[in-house]
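Here the structure is laid out as structure tokens; the discussion comes afterwards.
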Amino acid sequence: MILDKETLRTELATLDGWSSHERSIVREIPMHNWKGVMMLANAIAHLAEQAWHHPDLTLTFSSISINLSTHDEGGVTDKDIILARKINDLVSWNPKDENAQLGTPSVPEFRYLKKD
């Protein structure tokens with residue numbers, strides 16, 4: 001069932017980086033390079049396949065744009081919100097928050113996600 005405007009607004013307030021666009025929700029994720037774009041695109045593809053709910057992805061050298069919509073419903077449903085949350089969990093996880101010895105080195109050649 002398509003989410004009403006108020007429910008969608010409430011859900012988007014809890015989803016960092018996502019916004020409403022026509023009959024979908026969208027997010028652009030800046031990246032450092034093509035290697036990172038491909039790694040994240042494949043990780044998102046895994047989540048989508050597990051959920052059997054497939055976003056439209058646009059890949060550039062330094063960003064991924066995600067467009068989520070439940071096509072057979074003609075708009076945004078709970079399926080889109082659930083997958084957006086999973087994508088956010090994936091992108092925002094920082095292993096250094098759990099263990100100082102884990103995580104990508106701070107040397108620019110090894111970084112791929114642009115984080116503040």
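Read-outs: derived from the displayed coordinates by stated rules, not from any lab. The structure presented is a predicted model; accordingly, all values stated were derived computationally and were not measured. Cβ placement follows ideal geometry from the backbone for every residue including glycine, while neighbour counts extend to all protein chains displayed.
Tabulated values for the structure
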item: Matching residues, the stretch 12-44, being part of a helix (DSSP H, G or I) and free of Cβ contacts under 8 Å to residues at least 12 places away in the same chain; result: A13, N42
item: Top-ranked residue of the stretch 22-54 - restricted to ones that are over 30 Å from E109 (Cα atoms) and exposed (fewer than 13 other Cβ atoms within 10 Å of the Cβ), ranked as farthest from the chain's Cα centre (by Cα); result: E22
item: V91, sole failed condition from (1) part of a helix (DSSP H, G or I); (2) over 22 Å from K114 (Cβ atoms); result: (2)
item: Residues (closer than 17 Å to M31 by Cβ and in contact (Cβ under 8 Å) with a residue 60 or more places away in the chain) located in the stretch 52-96; result: I87, N88, V91, S92
item: Qualifying positions in the stretch 97-116 - free of Cβ contacts under 8 Å to residues at least 40 places away in the same chain and assigned to a loop (DSSP other than H, G, I, E, B); result: E98, N99, A100, Q101, L102, G103, T104, P105, S106, V107, K115, D116
